[in-house]
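Participant: This is the structure I have questions about; it appears just below.
The values are calculated or read from the model by the stated rules, or taken from the named source; none is laboratory data. What you are looking at is a predicted structure, and each value in this text was computed from that prediction instead of being measured. When we count neighbours, we look across all protein chains shown, and the Cβ atoms used for this are built from the backbone with ideal geometry, even at glycine. Side chains are part of the model used for accessible areas, which takes the heavy atoms of the whole protein and leaves out ligands, DNA and RNA. Shrake-Rupley method; radii C 1.70, N 1.55, O 1.52, S 1.80 Å.
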Amino acid sequence: MPEIENYDVYNDRMRRSMWDKAFFMDKVPGTELIIDYGCADGSLIRFLQSLFPSMHFIGFDIDPEMVAAASRQRTGNMWFFSDPEEMLRRIRELGIERRRIAVNFSSVLHEIFHYDCDRGMITRLIGEIAPRYLVVRDMMYHSEDDGARVPAAAEQLRRVLPPRQVADFERCWGPLEVRRNLAHLILKYKYVENWERECRENYFSYTMDDLRALLDPEGAFEPLLLNRCILPWCRYDAENMLGIGMGSEFTTHFSLILSRRNADGIITMNQEM
């Protein structure tokens, strides 16, 4: 995985829209432990703890530098790990019932798929933790016409962005006239401090089928919530900074909550065969 050139800028970007990232907190009743997979510097956990001080939080990230930064600001019922076995030991020590655990993946899975990280470790950890809830908030392009072309919007973007930035992007992802590519660039064009890394990172690196195969290969969960959208800040930025309306024929982000089937051994109202 390419190095992050500027950690301060990277983490500042990740800290934005915390309320949106906390969308699930009123939708996972009974939860006592939140595990944030890909926690970076722990900003989301600190935000959640400020709202729910009696809850327990564990952050995991494969980057030891991120975990060190998070640990320096650790207070109360929060812990941070880069070693999965140490994390599992801490979970066992807490003794919290599995049905009261949620695992959160916020803006991290597109990186895991793009950089071909150890996805088997994620599946294994979910199997060992056996949480009640799995929560995902990330980027994913969704459209009925994946190859739709928008030449007028592409021409506008070429007028307002630096030619070198456009050229870099098109070398990686192809012509801006393809709407998927145009949306992709709009999501990342501001990140000039880490541009070499961001330009090459695929924000739309997986499908919903890929996601289910990773998180729930045995079909132990069922969807509790699925929302697709273009984030409001992205629409506003595109209109006011770039002069481009995002329209309504595609989405760039999604929020998903999966709930374990019959986690409490209750009788289901699903139709009997």
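Participant: Only Cα pairs under 8 Å and at least 6 apart count here; give the relative contact order of region 144-273 as a rounded whole percent. Could you put the intermediate results ahead of the total?
Facilitator: Working: 104 pairs, mean separation 32.0, N = 130.
Value for region 144-273: 25 percent.
Participant: Along Cα→Cβ, 7 Å out, is where each label goes; now give me the distance between the ones at Glu249 and Ala213 in nm to one decimal.
Facilitator: Once both label points are built, they end up 2.9 nm from each other.
Participant: Continuing with this model, one more query. Along each of its three principal axes, how wide is the spread of alpha-carbon positions in region 100-201, in whole angstrom units, largest first?
Facilitator: 52, 32, 20
Participant: Please give the per residue volume of the convex hull enclosing the alpha carbon atoms of region 52-170, rounded to a whole number of Å³.
Facilitator: Values: hull volume 23.2 nm³, N = 119.
Convex hull volume per residue, Cα atoms: 195 Å³.
Participant: Once the principal axes of the Cα atoms of region 134-190 are found, what is the range along each, listed largest first in whole angstroms?
Facilitator: 41, 24, 18
Participant: How big is the chain by Rg and Dmax over its Cα atoms, in Å?
Facilitator: For the chain, the Cα-based Rg and Dmax read 19.7, 61 Å.
Participant: Rounded to the nearest 500, what is the chain's calculated 222 nm mean residue ellipticity when only DSSP H runs of at least 4 contribute -39500 (n - 2.57) each, over all residues?
Facilitator: -11000 deg cm²/dmol
Participant: Equivalent ellipsoid semi-axes for region 184-273, as square roots of 5 times the alpha carbon gyration tensor eigenvalues: give them largest first, rounded to whole Å. The partial results should precede the final answer.
Facilitator: Numbers: eigenvalues 268, 57, 20 Å².
Equivalent ellipsoid semi-axes, largest first: 37, 17, 10 Å.
Participant: Cα convex hull of region 115-273: mean projected area in nm², to one decimal?
Facilitator: 12.0
Participant: Once each part is reduced to its C-alpha centroid, what is the distance from region 116-131 to region 39-69 in angstrom?
Facilitator: Centre-to-centre distance over Cα atoms comes out at 19 Å.
Participant: Hey, another quick one. Subtracting the Cα-Cα distance from 0.36 nm times the residue separation, let me have the gained length for Arg92 to Thr123 in nm, one decimal.
Facilitator: Separation in residues times 0.36 nm, less the Cα-Cα distance, equals 9.4 nm.
Participant: How large a share of the accessible area of the chain, in percent, is made up of carbon and sulfur atoms when the probe is 1.4 Å and the other protein chains stay in place? Working shown, then result.
Facilitator: Numbers: 6710 of 13510 Å².
For the chain, the apolar C and S fraction of the accessible surface comes to 50 percent.
Participant: Once you place label points 7 Å from the Cα toward the Cβ at Leu224 and Arg159, how far apart are they in nm?
Facilitator: About 4.8 nm separates the two model spin labels.
Participant: While we're looking at this one, here's another question. Calculate how large, on average over all directions, the projected area of the Cα convex hull of region 59-126 is; give the answer in nm² to one decimal. Present the calculation step by step, with values, prior to reporting the outcome.
Facilitator: Values: hull surface 20.7 nm².
Directional mean of the projected Cα hull area for region 59-126 stands at 5.2 nm².
Participant: Counting only heavy atoms of the protein chains, get the accessible area per residue of the chain (1.4 Å probe) and round it to a whole Å² value.
Facilitator: Ligands and nucleic acids excluded, the figure is 49 Å² per residue.
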